[in-house]
Amino acid sequence: MKKRTRLKRALLLLPLLIAAIAIIIFIPYKKALVIQYQNTGKVLAYIPFTEEEIFKIKYTHSIHLSDVVESYKPTKDLKIRQYELMYEDFAIGMPDNASAGEVFEQKDGKYYIRNMNRIFPHFDMRTGKVRANHRIVYNGTEYPMAGFIEPGTWVRFTIDKINIYQQLEGVNILEQ
């Protein structure tokens with residue numbers, strides 16, 4: 001009789017335990033910069049945000065072969081705000097001045113557009129195969145994207161909350 005009572009309790013608790021585990025694994029909770037494969041939602045890599053939420057994309061421009069640095073930070077509603085652009089040459093594809101409300105500066109041979117307020121729900125990029133050498137800069141450390149994303153891949157950058165399953169699926173860039 002006692003064995004049946006224990007078995008019934010165990011069978012009643014089993015669905016609750018399974019539901020609790022599913023909630024823990026699949027409920028998004030960690031704010032991160034997420035790099036997805038194309039527009040599929042599949043997480044390739046991520047940077048879990050802590051105190052520092054500023055990140056930069058640094059690459060070598062394909063024509064004038066000098067570094068370009070785009071600086072971003074997340075907004076409260078999980079969008080991406082570009083707040084600065086730095087480049088070294090006015091060659092093709094680079095701006096020659098700032099837009100309304102922005103500040104254009106030249107300092108130490110580099111050009112800066114500051115005070116940018118360009119908001120994106122996400123942005124897409126194809127990682128460079130030859131020269132671009134795309135890097136993510138976070139907390140002063142550069143992480144070459146070729147270390148976790150195959151060159152030539154179309155990726156989507158988003159700010160999102162991710163769950164444990166997505167963390168297991170993607171590469172934590174900070175652990176590279």
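The values are calculated or read from the model by the stated rules, or taken from the named source; none is laboratory data. The shown structure was predicted, so the numbers you read here are calculated from the model rather than taken from an experiment. Using ideal geometry, Cβ is built from the backbone for each residue, glycine included, and neighbour counts are taken over all protein chains shown.
Determine whether Asp67 is of a type outside the set (Lys, Arg), in contact with a Ser or Thr (Cβ under 7 Å, 6 or more places away or on another chain), farther than 22 Å from Val171 by Cα and at pLDDT 90 or above. For Asp67, the condition - of a type outside the set (Lys, Arg), in contact with a Ser or Thr (Cβ under 7 Å, 6 or more places away or on another chain), farther than 22 Å from Val171 by Cα and at pLDDT 90 or above - is met. Right, Gln82: out of contact with any strand residue (DSSP E or B) (no Cβ under 7 Å at 6 or more places or on another chain) and assigned to a strand (DSSP E or B) or not? It is false that Gln82 is out of contact with any strand residue (DSSP E or B) (no Cβ under 7 Å at 6 or more places or on another chain) and assigned to a strand (DSSP E or B). Within region 160-174, can one find any residue that is under 18 Å from Val68 (Cβ atoms), out of contact with any Lys or Arg (no Cβ under 6 Å at 6 or more places or on another chain), modelled with pLDDT of 95 or more and of a type outside the set (Val, Ile, Thr)? No: region 160-174 contains no residue that is under 18 Å from Val68 (Cβ atoms), out of contact with any Lys or Arg (no Cβ under 6 Å at 6 or more places or on another chain), modelled with pLDDT of 95 or more and of a type outside the set (Val, Ile, Thr). For region 1-48, residues that are within 13 Å of Asp160 (Cβ to Cβ) and without any contact (Cβ under 8 Å) to a residue 60 or more places away in the chain total 1. Screening Met94 on (1) part of a loop (DSSP other than H, G, I, E, B); (2) loosely packed, with under 14 Cβ neighbours inside 10 Å shows it passes everything except condition (2). Applying the selection to region 7-43, what residues are hydrophobic (A, V, I, L, M, F, W, C) and within 30 Å of Met145 (Cβ to Cβ)? Result: Ile25, Phe26, Ile27, Ala32, Leu33, Val34, Ile35, Val43.
One residue alone among Asn133, Asn172 is farther than 18 Å from Ile47 by Cα and either in contact with a Ser or Thr (Cβ under 7 Å, 6 or more places away or on another chain) or polar (S, T, N, Q) (or both), and that residue is Asn133. Only residues that are assigned to a strand (DSSP E or B), touching a residue at least 12 places away in the same chain (Cβ under 8 Å) and not hydrophobic (A, V, I, L, M, F, W, C) were counted across region 142-176, and they come to 7.
For every residue, the table says whether it meets (1) over 23 Å from Arg135 (Cβ atoms); (2) of a type in the set (Val, Ile, Thr); (3) in contact with a strand residue (DSSP E or B) (Cβ under 7 Å, 6 or more places away or on another chain).
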| site | (1), (2), (3) |
| --- | --- |
| Ala32 | no, no, yes |
| Ile35 | no, yes, yes |
| Glu51 | no, no, no |
| Lys58 | no, no, yes |
| Asp67 | no, no, yes |
